[in-house]
């Protein structure tokens with residue numbers, strides 16, 4: 001079984017922990033202090049075996065945010081997205097890719113990296129229709145009916161998001 005940990009360096013470790021743990025609900029799975037010049041925290045992504053690791057210290061500067069470098073979290077429903085947005089307390093930002101404007105709410109974490117909160121679950125790839133070579137599990141996509149459901153769910157997120165974006169327009 002493969003597991004995933006995504007690590008990112010920061011100068012705002014405490015702020016990131018508050019954003020991801022306290023705001024978005026990731027569970028703190030562990031931390032380390034002054035380990036060979038680094039401090040860090042591991043945050044478990046609920047419902048997965050994946051972790052985010054944030055570190056500070058060392059000799060290198062943190063990476064610069066890019067509007068196309070996204071963390072996308074599928075929260076399952078509109079209520080979960082609204083609750084997470086309220087806990088985080090950050091205003092939505094305009095995503096670079098218009099797809100995410102239609103299908104979720106984009107926030108910037110304390111380092112400025114975009115985090116998209118989607119009000120649905122990730123499609124079940126076991127039932128996905130093949131769009132490549134027969135039997136190739138890496139070349140599948142969800143059935144079109146799933147995308148119709150996405151659009152319906154996204155409309156209520158858009159109703160929540162629209163007044164917040166309009167309020168920020170100069």
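When the distances between all Cα atoms of the range 8-128 are binned every 5 Å from zero, what whole-number percent does each bin get?
In order of increasing distance, the bins hold 2, 11, 20, 22, 21, 13, 7, 4, 1, 0 percent.
Taking the Cβ of each residue in 79, 36, 15 as the centre, tally the other Cβ atoms inside 10 Å and list the residues starting with the fewest.
Values: 79 11, 36 7, 15 14.
In increasing order of surrounding Cβ atoms, one gets 36, 79, 15.
Which of 38, 99 has the fewest other C-beta atoms within 10 Å, and how do the rest follow up to the most?
Least crowded to most crowded, the residues run 99, 38.
Readers should treat all values here as calculations from the given coordinates under stated rules, not as data from a laboratory. Every value quoted in this text rests on a predicted model; they were computed, and no experiment measured them. When we count neighbours, we look across all protein chains shown, and the Cβ atoms used for this are built from the backbone with ideal geometry, even at glycine.
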